[in-house]
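Single-structure report; data block below.
The values are calculated or read from the model by the stated rules, or taken from the named source; none is laboratory data. Given the structure is predicted, the values throughout are model-derived calculations rather than measurements. Glycine gets a Cβ as well: all are built from the backbone with ideal geometry, and neighbour counts include every protein chain shown. Remember, those area values only see protein heavy atoms, side chains included, never the ligands or the DNA or RNA. Shrake-Rupley method; radii C 1.70, N 1.55, O 1.52, S 1.80 Å.
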Amino acid sequence: MGTLRIAWRSIWRNGRRTAITVAAVGMSTLIMVVTFGLMDGMRIDMVHNVTHLVLGDVQVHATGYRADQSFYKAVPEPEAILDAARAAGVHAAPRAYGYGLVSVGHKSAGARFWGVEPAAERAAFDLAGKLAQGSFLSDSAEASRASRELVLGRKLARSLHAELGSEIIAVVQAADGSLGNELFTVVGILVSCGEDMDRSAAIIHARDFELLFVSGGRIHEIALNARGTVSPERVAARLEAAVTGKAELEEKKPEKEAGGVDIETWRELNPALSDMERLFGASMWLFSLIFFLAAGLGVMNTMLMATFERIREFGVLKALGSTPWRILRDVATESFVLGLFASLLGAVLGAACNLYLAHAGIDLSRYGDVFVEGVAFSPIWRAAASVEGIAAPSAVMVVVCVLAALYPAAKAARLDPVRAMTHV
Amino acid sequence: MGDSIVWLRAVTKDYGQGDVVVRALRGIDLTLDRGDFAAVAGPSGSGKSTLLNVMSGLDRPSSGEVSLDGRDLTRLSRSELSRLRLTRIGFVFQAYNLLPVLTAYENAEYVLMMQGVPASARRERVMGLLELVGLGGMEDRFPRELSGGQQQRVAIARAIASEPALILADEPTANVDSKTAAALLDLMQQLNEEKGVTFLFSTHDRKVMARAGRLIRLVDGRIAYDGEAGSLEALDADEG
């Protein structure tokens, strides 16, 4: 005869009351599991959209580049870093940046030129697939050069009244102080990729960039993306080990500056996003407090009623030699069994809902492009059906049920056996 | 104290406070010896239940000394008293007081489980006890599926399961018919004679008193008679 079995039988003495409590606790768990799934889905989508679009898990710049974005602060020995990335099995995309003017007819605007390796971008990031119109740059420098290919950000294209096939005149100040200019043809227009890119991105092949800016092959940024296979911190640690020649320290946060380069994870590169991501988790638990409190009060009421109905029985148990601690434990065990049963029920139903929402999602496209803090969200809001997202609220609910039973359990444990046995 | 199990000296017990004080026990001196089969008799309110409660440590005396199996109950903590009741005292209640969610077997086993006796040893002992109290084959029945007499037999099995030094029975036959009462007394007497279990039971029933080896009569919280139960004439004389 196990304590759990006795507890199971005890909670079903009043079947209707227990069923109502189980329904309330189960429903609270279900709501929390689904909400956790949806919010986690949004969080993952948000981070994915940002890191997989262009940001990456980790970026490498020349020391101090991010502060002033000086054209002359190029990554020293970029090949070593690209080799290290390849050795670590991480995709890497080298980029060069420069500012200039773009004109179509009599419309002109400031632009930020991106010199990219299309094949590397395609392998490492989703940018090449984020086109509203047209196609991305050709992988081959010759092909790109021949067609003078250029991809524009969405709002920049709109402000220039540029369309696919539009000819764009680019005027820049080259690295040698000369005025660089070139004629490009718009081959692609990006979908919304965030405010900065939408307004200023003019993406060209790295080779074209080199010719336009007379950059001498300067690389300003190497963005690395492990695509979820390794954590950003681990990628940064591996790179640092490769750059400095020191052994990789798993737990240690890499030095920000190593060998003339800054190695930074996306959290350091975009602290606002990192904070928002962390806030998501915290706000979820805050929201859950309401449900935990409601469920806890329901359980407390049930256990109080059950305790009052069994005053004589507790008196008998004490007479037979049950210690106050044992009675407290037995009542708490009943609440644990009730909470476990209800939470499991809620978790299973919640997991089913999450699986459906992870598959089908909620269509938000009718509300147009959704941006929060410049971060684009997918038009289909999908839930994340993670084990942790289901187990964590369910487990906390069980704990809440046990805690809610402590007051009635303590009352039962403190009963005077003689008075309890004569209780009517 | 010789071979005594329970030893009370000048025990008083008051209930209430201030002007409203009910004196339930007024200076009880009593020794219960190992192997006794004793009955406590007396009218309602004479202090029978209070005496059993004080003896078992369920209630503390207002004054005086109570010793059970050589231990001074007035000096023990609540937990120590619980432990003492668990291991040294068995209870049989007027209203049976079985746990409704447990079967006959599980009710009888409960005290052993609290003592931490291994499952295999519990099973062997409890099955034997249920057979002994005449409930062989009924181990899986819940209390609601048993008659009053059968429930009281389960209660007796529960009381003797841990082989306590003393069994206190508060009006154990009050809720059963006379035939069942006689059968229960036969059972208790058999356990007393064959296993040496010490019994002290309170009762109103003269037939039950007559079966006791020793009769303690309480009147207004005092012992009015303590002697052989056979001499009921003496009791009657006392009452007169």
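Do the conditions hold for A:Ser274, that is, is it of a type outside the set (Asp, Glu), surrounded by fewer than 17 Cβ atoms within 10 Å (Cβ to Cβ), modelled with pLDDT of 80 or more and closer than 25 Å to A:Phe125 by Cα? So A:Ser274 passes the test. For the range A:1-19, a residue qualifies if it is touching a residue at least 40 places away in the same chain (Cβ under 8 Å) and of a type outside the set (Phe, Trp, Tyr), and the qualifying residues are A:Thr3, A:Leu4, A:Ile6, A:Ala7, A:Ser10, A:Ile11, A:Arg13, A:Asn14, A:Arg17, A:Thr18. Against the list (1) at pLDDT below 95; (2) more than 15 Å from the chain's Cα centre (by Cα), the condition B:Leu84 fails is (2).
Per the conditions (1) of a type outside the set (S, T, N, Q); (2) over 32 Å from the mean Cα position of the chain (by Cα); (3) over 15 Å from A:Gly115 (Cα atoms), the sole criterion not satisfied by A:Asp208 is (3).
Among residues that are within 24 Å of B:Leu185 (Cα to Cα), at the interface with chain A (Cβ under 10 Å from one of its Cβ atoms) and among the small types (Gly, Ala, Ser), B:Gly57 is not included.
The residue that is surrounded by the most Cβ atoms within 10 Å (Cβ to Cβ), counting only those in the range B:138-155 that are more than 12 Å from B:Asn97 (Cβ to Cβ) and among the polar types (S, T, N, Q), is B:Gln150. Total residues in the range B:184-195 satisfying the condition of being out of contact with any strand residue (DSSP E or B) (no Cβ under 7 Å at 6 or more places or on another chain) and either in a strand (DSSP E or B) or open to solvent by 40 Å² or more (accessible area, probe 1.4 Å) (or both): the figure is 5.
When B:Val21, B:Val66, B:Val101, B:Val111 are checked against the criterion of being modelled with pLDDT of 95 or more and either more than 22 Å from B:Leu185 (Cα to Cα) or open to solvent by 10 Å² or more (accessible area, probe 1.4 Å) (or both), a single residue qualifies: B:Val66. Filtered by the rule that a residue be open to solvent by 40 Å² or more (accessible area, probe 1.4 Å), within 11 Å of chain B (Cβ to nearest Cβ) and more than 22 Å from B:Gly116 (Cα to Cα), the range A:310-340 gives a lone residue, A:Arg312. For the range B:197-223, the set of residues classified as open to solvent by 40 Å² or more (accessible area, probe 1.4 Å) and small (Gly, Ala, Ser) consists of B:Ala210, B:Gly213, listed by residue number. For the residues A:Ala405, A:Ala420, the requirement of being within 14 Å of chain B (Cβ to nearest Cβ), over 15 Å from A:Met284 (Cβ atoms) and crowded, with 17+ Cβ neighbours inside 10 Å singles out A:Ala420. In contact with a helix residue (DSSP H, G or I) (Cβ under 8 Å, 6 or more places away or on another chain), under 23 Å from B:Asp170 (Cα atoms) and more than 10 Å from every other protein chain (Cβ to nearest Cβ): which single residue out of B:Leu102, B:Leu68 fits that description? Of the residues listed, the single one that is in contact with a helix residue (DSSP H, G or I) (Cβ under 8 Å, 6 or more places away or on another chain), under 23 Å from B:Asp170 (Cα atoms) and more than 10 Å from every other protein chain (Cβ to nearest Cβ) is B:Leu68. When A:Thr21 is tested against the conditions (1) within 30 Å of B:Tyr110 (Cβ to Cβ); (2) in contact with a strand residue (DSSP E or B) (Cβ under 7 Å, 6 or more places away or on another chain), the lone failure is (2). Taking the numbered list (1) open to solvent by 40 Å² or more (accessible area, probe 1.4 Å); (2) away from every other protein chain (no Cβ under 14 Å); (3) in contact with a helix residue (DSSP H, G or I) (Cβ under 8 Å, 6 or more places away or on another chain) in turn, B:Ala39 passes all entries but (1). Each residue in the range A:282-303 was checked for being closer than 13 Å to A:Val402 by Cα and surrounded by 14 or more Cβ atoms within 10 Å (Cβ to Cβ), and 9 of them qualify.
Answer yes if at least one residue in the range B:6-22 is under 15 Å from the mean Cα position of the chain (by Cα) and among the aromatic types (Phe, Trp, Tyr), and no otherwise. The answer is no, given that none of the residues of the range B:6-22 is under 15 Å from the mean Cα position of the chain (by Cα) and among the aromatic types (Phe, Trp, Tyr).
Being more than 9 Å from chain A (Cβ to nearest Cβ) and either farther than 30 Å from B:Ala10 by Cβ or in contact (Cβ under 8 Å) with a residue 60 or more places away in the chain (or both) holds for only one residue in B:Ser120, B:Ser77, and it is B:Ser120. Residues satisfying the criterion are present in the range A:363-381 (criterion: at pLDDT below 90, surrounded by 22 or more Cβ atoms within 10 Å (Cβ to Cβ) and under 27 Å from the mean Cα position of the chain (by Cα)).
Scanning the range A:188-205 for residues that are among the hydrophobic types (A, V, I, L, M, F, W, C) and assigned to a strand (DSSP E or B) yields A:Ile189, A:Leu190, A:Ala201, A:Ala202, A:Ile203, A:Ile204.
When restricted to residues that are part of a helix (DSSP H, G or I) and open to solvent by less than 20 Å² (accessible area, probe 1.4 Å), the range A:55-66 contains 1.
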